[in-house]
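J.: Handing you this structure, nothing more for now.
The values are calculated or read from the model by the stated rules, or taken from the named source; none is laboratory data. It should be emphasised that the depicted structure is a prediction, and the values quoted were computed from it without experimental measurement. Backbone-built Cβ (ideal geometry, glycine too); neighbour counts: all protein chains shown.
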Amino acid sequence: GPGSGKLSTCLSQLYHDYRKGVKSGYAKFETFPIWNIPLKHPVNIAYEAATADIRDFNLIDPFHLETYNEISINYNRDVEIFPVLKRILEKITGAESPYKSPTDMGVNRAGFGIVDDEAVKEAAKQEIIRRFFKYSCEYAMGFTDKETVQRAELIMEEVSVKPEDRVVVNPARKAAKEAEKKGKGNEGIFCGAAIELKDGKIITGKNSTLMHASSSLVLNAIKHVAEIPDKIHLLSPAILKSIRNLKENITSKKIVSLDLEEALIAL
């Protein structure tokens with residue numbers, strides 16, 4: 001993933017290879033941003049959404065433009081580090097760097113694989129919305145900051161989408177309201193979840209004292225796909241009671257409703 005130390009690890013290997021007389025080289029498989037599609041293509045903007053937490057942004061590679069007079073898309077960290085990287089490579093190898101730009105270093109044919117641009121654009125927009133929800137969830141749990149969520153919102157606005165453009169959002173919100181109306185939920189918290197199946201059917205689930213909304217959702221989806229009547233329990237009450245007893249009385253857990261992983265194990 002981004003910022004995980006791939007570059008420094010590779011350069012370290014390169015250095016040790018040359019110390020041992022092995023003439024190795026450095027190149028990278030760089031999926032995003034895609035160098036040969038427009039800067040503001042939704043796929044490249046989706047990369048900015050994916051790295052909103054580390055504030056990455058795309059730009060035209062100035063080194064590539066200067067050397068080849070060709071527009072190529074890259075991102076800020078690659079462009080910023082390139083002069084340093086070039087000098088390090090030349091110092092290690094004792095020869096002129098074969099790379100004239102950050103784009104030169106990457107191996108990327110993804111742009112040539114796009115056969116339906118409209119489908120790809122729509123998928124990218126859906127990914128941008130998904131990233132917004134991911135960051136919102138992480139912010140609520142204290143894993144990321146508010147600025148990341150705000151940046152994700154701005155990126156959504158840039159491609160003219162909103163959270164509700166993801167078809168499962170409104171059904172999930174409606175399910176949460178229904179949970180409250182029907183007195184479900186758990187300790188005053190009401191959650192809804194929704195999934196769109198291959199046939200276009202939207203299935204929902206609500207949280208309760210027995211299970212999380214996602215657990216209920218997956219069980220309901222299984223029933224629909226397998227054509228099992230709604231009144232039939234996939235998990236018998238006896239099994240649920242025994243798991244509840246384990247969590248409550250043996251492991252002394254405060255919240256005993258089944259999360260998705262536990263529900264699947266029980267199933």
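J.: If you scan region 234-267, which residues turn out to be assigned to a loop (DSSP other than H, G, I, E, B) and surrounded by fewer than 12 Cβ atoms within 10 Å (Cβ to Cβ)?
T.: Across region 234-267, the qualifying residues are 236, 251, 252, 254.
J.: Kindly indicate which of 115, 107 is more than 24 Å from residue 28 (Cβ to Cβ) and over 18 Å from the mean Cα position of the chain (by Cα).
T.: Unique residue meeting the criteria: 115.
J.: Among 249, 170, 186, 245, which is in contact with a Ser or Thr (Cβ under 7 Å, 6 or more places away or on another chain) and either of a type in the set (S, T, N, Q) or on the phi > 0 side of the Ramachandran plot (or both)?
T.: Testing whether each residue is in contact with a Ser or Thr (Cβ under 7 Å, 6 or more places away or on another chain) and either of a type in the set (S, T, N, Q) or on the phi > 0 side of the Ramachandran plot (or both) leaves just 186.
J.: Let me ask something else about it. Looking at the structure I just gave you, is residue 134 more than 19 Å from residue 211 (Cβ to Cβ), crowded, with 16+ Cβ neighbours inside 10 Å and either of a type in the set (Lys, Arg) or not assigned by TED's automatic domain parsing to the domain that holds residue 206 (or both)?
T.: Yes: the conditions hold for residue 134.
J.: Hey, which of the helices (runs of 4 or more DSSP H) in region 1-116, taking only ones fully inside, have at least 3 residues that are surrounded by 17 or more Cβ atoms within 10 Å (Cβ to Cβ), among the charged types (D, E, K, R) and in the same structural domain as residue 139 (by TED's automatic domain parsing)?
T.: 76-93
J.: Quick one: in region 139-151, of everything that is under 18 Å from residue 46 (Cβ atoms) and free of Cβ contacts under 8 Å to residues at least 24 places away in the same chain, which residue is surrounded by the most Cβ atoms within 10 Å (Cβ to Cβ)?
T.: Looking at the filtered set, the residue picked out is 149.
J.: Which count do you get for residues in region 209-267 that are among the β-branched types (Val, Ile, Thr), out of contact with any helix residue (DSSP H, G or I) (no Cβ under 8 Å at 6 or more places or on another chain) and over 20 Å from residue 187 (Cα atoms)?
T.: 4
J.: A follow-up question, please. Can you give me the number of residues within region 174-212 that are part of a loop (DSSP other than H, G, I, E, B) and surrounded by fewer than 14 Cβ atoms within 10 Å (Cβ to Cβ)?
T.: 10
J.: For region 142-153, does any single residue satisfy the condition of being assigned to a helix (DSSP H, G or I), more than 30 Å from residue 118 (Cβ to Cβ) and in the same structural domain as residue 54 (by TED's automatic domain parsing)?
T.: Yes, some residue in region 142-153 is assigned to a helix (DSSP H, G or I), more than 30 Å from residue 118 (Cβ to Cβ) and in the same structural domain as residue 54 (by TED's automatic domain parsing).
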